[in-house]
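Have a look at the structure below, then the notes.
Derivation of every value follows stated rules applied to the coordinates shown; laboratory data play no part. Bear in mind that the values here come from a model prediction, so they are computed numbers and not experimental data. As a convention, Cβ positions derive from the backbone with ideal geometry for all residues, glycine included, and neighbour counts pool all protein chains shown.
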Amino acid sequence: MVGQVALNGGRFFGIQPRRRCYSAAVRTVIYPGSFDPLTNGHLDLIERAARLFDRVIVAVAENSDKQPLFSTPERVQLVAGAIHHLPNVTADGFDGLLVDYVTQRQGVAVIRGLRAVSDFEFEFQLALMNRKLNESVETIFLTPKETYTFLSSRIVKEIARLGGDVAQFVPAHVQSAMTAKLRRTP
Ligand code: ADP
């Protein structure tokens, strides 16, 4: 039993529960990605992370290798518009090394998603490289609800470009933003 004997002037006051040393520090986790745009699969992971950690930062990457449909501020806005119901989640944009961003935001870990075995190789490589760059950065993998395992931003964009209905794959405000964007840049 966790407890300690409290003595006062030689008088026995019985067994007192030991003060548990919970850290006062807020446990922040970073969920990085392109989010071009945010899908219901991403949102599923954000909700899971929000239940596990004190604070979740959805970190939208400025990725120079990719030609995104939405700019970084637009992608951050789309994430922000989907997390009103989650008070411990915020959206942010970042540039540069993920491990540096995690340190700067005092994150305890990075969240990544595994939809299928096909994600594994890339995600495993990324996690090990980030560990090589900074030993203290852990990566935690979460899996979404089965119905979201086939979902990716790339497929959603392809469907929308071809005039398909993406209502069941993305939040309503993301769908509107995609329709408006594709009307301007088909
Ligand atoms: P990146 O370009 O960094 O892969 P993405 O926005 O495509 O950015 O994905 C960010 C993370 O979210 C990745 O770990 C990816 O595997 C995960 N992810 C993407 N879509 C889903 C989904 N439908 N369900 C669960 N995780 C997902």
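A compact table of results
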| quantity | calculated |
| --- | --- |
| Cα long-axis angle, helix 172-184 against the chain (0 to 90 degrees, to the nearest 10) | 30 degrees |
| Extreme residue, positive dipole direction of segment 129-186, given options His173, Asn130, Thr143 (C-beta unit charges) | His173 |
| Estimated FRET transfer efficiency when R0 is 22 angstrom, pair Leu128-Phe150 (beta carbons, to 0.05) | 0.25 |
| Packing-based ranking, highest mean first, of 174-184, 74-84 given that Cβ atoms within 10 Å are counted | 74-84, 174-184 |
| Cα-centred dipole magnitude for the chain, charges only on beta-carbon of K, R (+1) and D, E (-1), debye, nearest 20 | 640 debye |
| Inter-label distance, nm, simple model (7 Å from Cα along the C-beta direction), Leu52/His173 | 2.6 nm |
| Cα-based helix-to-principal-axis angle, 40-52 vs the chain, degrees rounded to 10 | 10 degrees |
| Segment 29-186: Rg to Rh, with Rh as the Kirkwood radius over Cα pairs | 0.95 |
| Among beta bridges that DSSP assigns inside the chain, antiparallel share in %, nearest 5 | 15 percent |
| Furthest towards positive pole of dipole, Thr90, Ala116, Gly163, structure part segment 89-186, Cβ charges | Gly163 |
